[in-house]
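Asker: The structure's right below; bear with me while I get my questions together.
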Amino acid sequence: MSFEVPDDRKYLESHEWVDDADDTAKIGISDFAQDELGDVVFVELPSEGDDLAAGDEFGVVESIKAVSDLYSPVSGTVTAVNDALADQPELVNDDPFGEGWMVEVELAEDSGMDDLLTADEYREQIE
Amino acid sequence: MTLRKPPLRDVHAAEGATFTEFGGWDMPVEFDSIKVEHRAVRDEAGIFDVSHMGQIEVSGPDADALMQKLTTNDVSELGHGDSHYSMITDEEGTILDDTVVYRLPADHDAEFLFVPNAGHDEQMHQRWTDHRDEWDLDATVHNATDEYCMYAIQGPDAPNLVNSAAEGSVSDISKFEGRYVEFAGADCWTARTGYTGEDGFEVIVPTDSAEAVWDLFDCQPCGLGSRDTLRMEQGFLLSGQDFDADENPRNPYEAGVGWTVKLDTEFVGRDALEQASEEGVEEEFVGIKLVDRGVPRHGYDITDTDDHVIGEVTSGTMSPTLSEPIALGYVPTDSSDPGTVVRVVVRGQSKKAKIASTPFLSDDQ
């Protein structure tokens, strides 16, 4: 089975993605991760204004069969939260790189973006 | 430990199933998606490979006596082709396993077939033979688990599907009745029983016909994931999770299945259960619905509104039918009335919840 891995993102080994952006970036989980989890039924996210540190837990995603912590790929401040996931957590399954995004952050100066996996490196990891 | 495999393990893998260890067996947990499979069973039909369930045959002149003394329900009420749900208890009245007991047709070699849970077949075979010898009864106990597959075809369309697949009609088989029916030329024990709350059948198939019979059913293949969400919506017990002789010892009255205990029969654990029946129990198995957002899971604490721990979730999920978080667990009897406000501690956060009646689904769901 092949999974979508967009080239315009960077990835954590724990399967979160981040837009490869200059100032603000969206974060979500990969197609591979949503498939491994199965039907997502609940997503717990931080609030706007919260500071995230690269590599730290920032929330939880739950499927019918499993609970999984979410790790932030980058450091920054949360500027938006995808409220649609409260009522439609299945968006994470249906469109993990689009409508299933989780938070948007304003990147810190030393965001850690350069330490992340490229799309090619991430593809290699999940193959 | 080497996992036991259902005979169609490789066929399921080729269909894209993912697998999980359950009771020492390597079983399909998901073919498509738990939600899709769950919905198929509630709306149409699905087929489960439940070959991990044990198959113990009991025969001989004292088969009735042996079954009566080792199960809590009254086997003398069973005519040929009838079945019932029953408990297997120890001297203290603690549930060792729950099972369906079938009295087979008169022309069959064995008098009874009963179905222990996954991984319990050897233990129950041993229990039956040890007690037979101790009580000097003339009965043969045969562990046939590896000789058969077991399929559950469940859902509102299941009767039509089973009728179409069978060589002969099964429509006149009533709930908890069974008979031998040919499928793909194989003689299969076919009973109107199941574990989803839907109409449907369980078909016990000789292993050499496993694939031919599986292929007769053109409906959604389902794994243990949806089997679990379906049974939770009904409030049905899962052995090893909602009760466990070692880790969560419970008697049938606590577990809400006191109706399977017939105190006018003699069986192992009867005296202890008579006492429990007279004195009442301190804790009861209840349904719980979360009011706050979150997903309750096995092992989470249940507290009162003052945050005192009063119990533990034994099973929990997000109900695919209701889209609501539901749980099962034991609480003190003075907190067990439906509507009682309690709390469930979900990953360190106390969430408001209410005791709920089971089944969680009403008839029109």
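Asker: Quick one: Cα centre-to-centre distance for the range B:286-348 and the range A:15-94, in angstrom?
Answerer: 26
Asker: For the protein assembly as shown, what is the Kirkwood estimate of the hydrodynamic radius, computed as the reciprocal of the mean inverse distance between distinct Cα atoms, to one decimal in Å? Walk me through the numbers on the way to the answer.
Answerer: On the way: mean 1/r = 0.0406 Å⁻¹.
Kirkwood radius, the protein assembly as shown: 24.6 Å.
Asker: Collect residues whose amide H, placed 1.01 Å from N in the peptide plane, falls under 5 Å from the amide H of residue B:149; neighbours closer than 5 in sequence don't count.
Answerer: B:205, B:207
Asker: Residue-wise, which Karplus ³J(HN,Hα) couplings in Hz belong to the range B:181-191, taking 6.51 cos²θ - 1.76 cosθ + 1.60, θ = phi - 60°, and x for glycine or proline?
Answerer: Per-residue couplings from phi come out as 9, 7, 10, 6, x, 9, 7, 10, 5, 10, 10 Hz.
Asker: Under 4 °C and 1.567 mPa s, how fast does the range B:6-89 diffuse according to Stokes-Einstein, given a Kirkwood radius computed over C-alpha pairs? Answer in µm²/s, whole number.
Answerer: In µm²/s, the coefficient is 81.
Asker: Taking loop as defined by DSSP and a crowding limit of 11 other beta carbons within 10 Å, which GluC sites (Glu not before Pro) in the range A:85-117 fit? Can you show the working numbers first?
Answerer: Values: sites: A:90, A:99, A:104, A:106, A:109; in loops: A:90, A:99, A:109.
Loop-located and lightly packed - A:109.
Asker: Can you compute the helix-only [θ] at 222 nm over the protein assembly as shown? Use -39500 (n - 2.57) per DSSP H run of at least 4 residues, normalise by all residues, nearest 500 deg cm²/dmol.
Answerer: Roughly -5000 deg cm²/dmol at 222 nm, from the helical runs in the protein assembly as shown.
Asker: Filter the GluC sites (Glu not before Pro) in the range B:78-114 to those in DSSP coil with at most 15 other Cβ atoms within 10 Å of their Cβ, and list the result. Numbers along the way, then the final one.
Answerer: Values: sites: B:91, B:92, B:111; in loops: B:91, B:92, B:111.
Counting only loop positions with at most 15 other Cβ atoms within 10 Å, the GluC sites (Glu not before Pro) in the range B:78-114 are B:91, B:92.
Asker: Once the Cα gyration tensor of chain B is diagonalised, what are the square roots of 5 times its eigenvalues, in whole Å and ordered largest first, as equivalent ellipsoid semi-axes?
Answerer: Listed largest to smallest, the semi-axes of chain B are 32, 27, 17 Å.
Asker: Quantify how strongly other chains surround peptide B:293-299 by giving the mean number of their Cβ atoms within 10 Å of each of its Cβ atoms.
Answerer: 3
Asker: When the Karplus curve 6.51 cos²θ - 1.76 cosθ + 1.60 is applied with θ = phi - 60°, which whole-Hz ³J(HN,Hα) does each residue of the range B:193-209 get, with x for Gly and Pro?
Answerer: Taking θ as phi minus 60°, the curve returns 9, x, 9, 10, x, 9, 5, x, 9, 10, 10, 9, 10, x, 3, 6, 10 Hz for the range B:193-209.
Read-outs: derived from the displayed coordinates by stated rules, not from any lab. All of these numbers come straight from a predicted model, not from anything done at the bench. For neighbour counting, all protein chains shown are included, and Cβ atoms are generated from backbone atoms with ideal geometry for every residue, glycine included.
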